[in-house]
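Each reported figure results from applying straightforward, stated rules to the coordinates on display, with no laboratory input. Quick caveat, the model's predicted, so the values are computed rather than measured. Every residue, glycine among them, receives a Cβ derived from its backbone with ideal geometry; neighbour counts consider all protein chains shown.
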Amino acid sequence: MFNLLVKPTSEQKQFLAKVRAAMEHYFGDDQKRIDHALQVCRYAEELLTFIDADPVLTLTSACLHDIGIHEAERKHGSSAGNWQELEGPPVAVAILTELDADLAFITLVAEIVGNHHTARAVESPEFRIIWDADALVNFSDVLSYRSAEQVECILQKHMVTEPGLQMARQLFLNNRQDHK
Ligand SMILES: [Fe+2]
């Protein structure tokens, strides 16, 4: 549940619900992408309880961060980060324009979506939250094969917020079966 430092108003919650519905509609039967976006949203929400950031900008960007993946695959035959960064912003802009979001807000979301695979590309707490929330989801697939020392090293290099680093340690180090 929401436990944000800056809690969204009921109007903002309604807007966020519309963003989520639009993302789910856009991804259609691609449940894997929908689940990923929602998982990133959940971690972003958790990070928002520790980090002072705009919750609507953060959660909208979390929901739409990978929205360019279908166009990347369709046009370039690849879901590589650079293609997603290129193809994501126009889709995010179209979705948010349809929802009557204001231009300044849409521009900020598009900036995050268009840079979310580039470390430290945007200097904002909202960008850092998306970066760490995405890593918390994606690392679950890749870190289980590494030693505890390697995991600690990767996390220290990759995570860009202190709460994100602590959550990653909790997930990928403290919960390990094998402490190699
Ligand atoms: Fe992602």
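The table below gives the values:
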{"quantity": "Flag for ALA119 being within 15 Å of the ligand (Cβ to nearest atom), free of Cβ contacts under 8 Å to residues at least 12 places away in the same chain and either among the β-branched types (Val, Ile, Thr) or surrounded by fewer than 22 Cβ atoms within 10 Å (Cβ to Cβ) (or both)", "calculated": "no"}
{"quantity": "Residues of region 24-60 satisfying the condition of being within 19 Å of GLU11 (Cα to Cα), away from the ligand (no atom under 11 Å from the Cβ) and in a helix (DSSP H, G or I)", "calculated": "GLU45, LEU48, PRO55, VAL56, LEU57, THR58, LEU59, THR60"}
{"quantity": "Filter result (farther than 14 Å from ALA119 by Cβ, polar (S, T, N, Q) and in a helix (DSSP H, G or I)) within region 132-159", "calculated": "SER140, GLN150"}
{"quantity": "Some residue of region 62-84 being closer than 16 Å to ARG128 by Cβ and touching a residue at least 24 places away in the same chain (Cβ under 8 Å)", "calculated": "yes"}
{"quantity": "Index of the failed condition, GLY81 passing every other in (1) touching a helix residue (DSSP H, G or I) at 6+ places or on another chain (Cβ under 8 Å); (2) within 14 Å of the ligand (Cβ to nearest atom)", "calculated": "(1)"}
{"quantity": "Output for region 43-84, where each listed residue is of a type in the set (D, E, K, R) and surrounded by fewer than 15 Cβ atoms within 10 Å (Cβ to Cβ)", "calculated": "ASP52, ARG74, LYS75"}
{"quantity": "Test: residue in region 146-155 that is hydrophobic (A, V, I, L, M, F, W, C), loosely packed, with under 13 Cβ neighbours inside 10 Å and more than 16 Å from the chain's Cα centre (by Cα)", "calculated": "yes"}
{"quantity": "Verdict on LEU57 being in contact (Cβ under 8 Å) with a residue 60 or more places away in the chain and under 14 Å from the mean Cα position of the chain (by Cα)", "calculated": "yes"}
